[in-house]
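Below is one structure, written out as structure tokens; comments come after it.
The values are calculated or read from the model by the stated rules, or taken from the named source; none is laboratory data. Predicted, not measured: the structure shown is a model, and the values here were computed from it. Cβ placement follows ideal geometry from the backbone for every residue including glycine, while neighbour counts extend to all protein chains displayed. Calculation scope for accessible area: heavy atoms of the full protein, side chains included, ligands and nucleic acids excluded. Shrake-Rupley method; radii C 1.70, N 1.55, O 1.52, S 1.80 Å.
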Amino acid sequence: MNDRAALELLVTHGPLTRTRLGELTGLSKPTASQLLARLEAAGLVRATGTATGRPGPNARLYAINPAAAHVAALAVDQEGVTAAVADITGRTLGEHRVATPAAGPRAPQDPVGIVRTAVAGAARAAGIGLDALHHTVVGIPGALDPRTGELRYAAHLPGWHFPALRAELAAALGTPVLVENDVNLAAVAEQHHGAAQDFDDFVLVWVDEGVGAAVVLGGRVLRGTTGGAGEIGYMPLPGAPLARGGPPAAARPDAGGGFQKLVGAPAVVELARRHGIEAAGAGEALATALRTPGAGERVLGELARRLATGLASVVAVVDPELVVLSGEVPRAGGERLRQLVEEELTGLALPRPRLRLSGVAGGPILA
């Protein structure tokens with residue numbers, strides 16, 4: 001218990017002297033010295049220098065040994081799989097991306113082979129072998145059914161839907177494997193070092209090519225009976241076509257309905273086009289809208305109304321303390337879009353949660 005407490009403190013605070021570690025744990029100096037000796041012998045802790053600027057002899061500083069363990073993180077999308085390898089402190093050492101075949105009945109994906117290739121490439125970039133990995137987490141736009149182990153809500157990923165997915169990935173990589181909904185992982189990142197720090201009740205709304213949400217209540221992610229909590233892209237809303245036909249139909253490019261048809265990246269491009277702004281993607285469309293008086297303001301205003309309408313439904317049910325906007329669309333729209341959404345949300349739902357943009361730099365899912 002003492003060793004674990006010391007490790008937690010070193011993770012949280014960084015390098016500490018034996019004396020400071022004793023103060024934080026309430027342990028005596030001899031006990032603190034003993035536990036540091038045990039942790040150092042186990043390869044979990046190492047001396048990193050000395051603390052200067054204090055009276056008396058310089059005290060040795062101890063820190064987590066970054067090489068004590070390594071982890072692999074993967075983000076799956078329709079175009080490919082991105083893998084990153086990090087040391088136990090969370091520092092990314094290497095990344096690698098593997099493109100996947102075009103989705104379709106004639107191009108089923110080989111998830112196990114693709115994941116192993118991606119992880120092996122990231123490990124090579126990090127300068128380690130696969131045998132140095134201790135754990136792997138895969139973020140995927142879908143969710144594993146907790147009863148069957150089968151991937152659900154991801155008809156756009158052919159070949160990934162079989163109950164033994166996690167077991168086969170673990171066998172191929174030689175580590176325990178957690179397969180998790182990608183938006184849930186983005187919420188964990190926000191809670192750890194992003195906009196949701198110090199919040200136990202919040203909703204992260206992901207608006208990108210796809211639209212989804214992660215609901216965190218009491219500090220824990222709400223998953224639902226089949227793992228489908230937060231699938232708000234299917235949520236019926238005024239002005240949006242209804243999503244009918246179930247998961248098989250959702251694999252068609254023109255399928256779907258609900259909230260995603262109003263605010264997803266393709267909808268943003270179409271909205272901008274209707275106002276005379278031509279763009280190849282949502283990011284470009286919103287960047288142009290932000291610097292275009294008149295037409296750009298109308299694009300941002302309409303998008304804000306659509307986002308607020310969907311958020312109002314979520315807020316009315318969950319009543320979170322905070323809503324975090326993440327994904328390409330909120331990132332591109334920035335603070336101006338956030339302000340407009342906040343204004344539109346006022347009065348649509350009785351609860352008044354705080355509304356923030358994502359505070360995680362880079363890719364929240366991998367983070």
Which residue, L39, L24, L169, has the most motion in a Gaussian network model of the chain that connects Cα atoms within less than 10 Å?
L24
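Placing unit charges on C-beta atoms (Lys and Arg positive, Asp and Glu negative, everything else neutral), compute the dipole magnitude of the chain about its Cα centre in debye, rounded to 20.
Values: 33 positive and 35 negative charges, 125 e Å.
With Lys and Arg at +1 and Asp and Glu at -1, about 600 debye.
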Select one label from (i) 1.03; (ii) 0.98; (iii) 1.84: the one whose number is Rg/Rh (Cα atoms, Kirkwood Rh) as derived from the coordinates shown.
(i)
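For segment 70-175, with only Lys/Arg (+1) and Asp/Glu (-1) charged at the beta-carbon, what is the dipole magnitude about the Cα centre, in debye rounded to 20?
Approximately 40 debye in magnitude.
Solvent-accessible area per residue for the chain at a 1.4 Å probe radius, Å²? Each step should come with its number before you reach the end.
Working: 17710 Å² over 367 residues.
Here the per-residue accessible area is 48 Å².
Expressed as a rounded percentage, what relative contact order does segment 70-175 have, with Cα pairs under 8 Å and six or more residues apart?
On the way: 203 pairs, mean separation 29.9, N = 106.
Computed value for segment 70-175: 28 percent relative contact order.
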Within the chain, which is the longest segment that contains none of the trypsin sites (Lys or Arg not before Pro) sitting in a DSSP loop with at most 15 other Cβ atoms within 10 Å?
148-243
Taking a probe of 1.4 angstrom, what is the accessible area of H134 in Å², to the nearest 10?
100 Å²
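Stretched out fully, how many nm does the piece from T12 to A316 gain, at 0.36 nm a residue minus the Cα gap? If you can, show how the numbers build up before the last one.
Numbers: separation 304, 0.36 × 304 = 109.44 nm, distance 3.59 nm.
Here the segment from T12 to A316 would lengthen by 105.9 nm.
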Please name which of L16, T225, V81 has its Cα lying farthest along the dipole of the chain towards the positive end, using unit charges on Cβ (Lys, Arg +1; Asp, Glu -1) and the Cα centre as origin.
L16
The simple spin-label model distance between A5 and L242, using points 7 Å out along Cα→Cβ, in nm, is 6.0 nm
Cβ-based charge dipole, the chain, positive-most Cα from G257, N65, P330
N65
Provide the FRET efficiency to the nearest 0.05 for the R147-E79 pair, computing r from the beta carbons and using R0 = 25 Å.
0.25
How many nm is it between the label spots at R97 and A51, if each spot is 7 Å from the Cα in line with the beta carbon?
4.4 nm
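Using only helices, what value at 222 nm comes out for the chain when you add -39,500 (n - 2.57) per DSSP H run of length 4 or more and divide by the total residues, to the nearest 500 deg cm²/dmol? Provide the component values of the computation, followed by the final result.
Numbers: 12 runs with 141 residues, N = 367.
Rounded to the nearest 500, the figure is -12000 deg cm²/dmol.
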Extension length gain for Q34 and T226 (0.36 nm per residue less Cα distance), in nm, is 64.4 nm
Top positive-direction residue, dipole computed over the chain with Cβ charges, set V216, G121, L271
G121
What does the charge count near G239 come to, summing +1 for each Lys or Arg and -1 for each Asp or Glu among other residues with Cβ under 12 Å from its Cβ?
+2
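Carbon and sulfur together cover what percent of the accessible area of the chain at a 1.4 Å probe radius?
Details: 9320 of 17710 Å².
That share works out to 53 percent.
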Label-point separation (nm) for V71 and A59, each offset 7 Å from Cα along Cα-to-Cβ?
2.9 nm
So if we plug the beta-carbon distance of H135 and H161 into 1/(1 + (r/R0)^6) with R0 = 35 Å, what FRET efficiency do we get, rounded to 0.05?
0.90
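Which length gain, in nm to one decimal place, applies between T346 and R291 when the Cα-Cα distance is subtracted from 0.36 nm times their residue separation?
Details: separation 55, 0.36 × 55 = 19.80 nm, distance 2.57 nm.
In short, 17.2 nm is gained.
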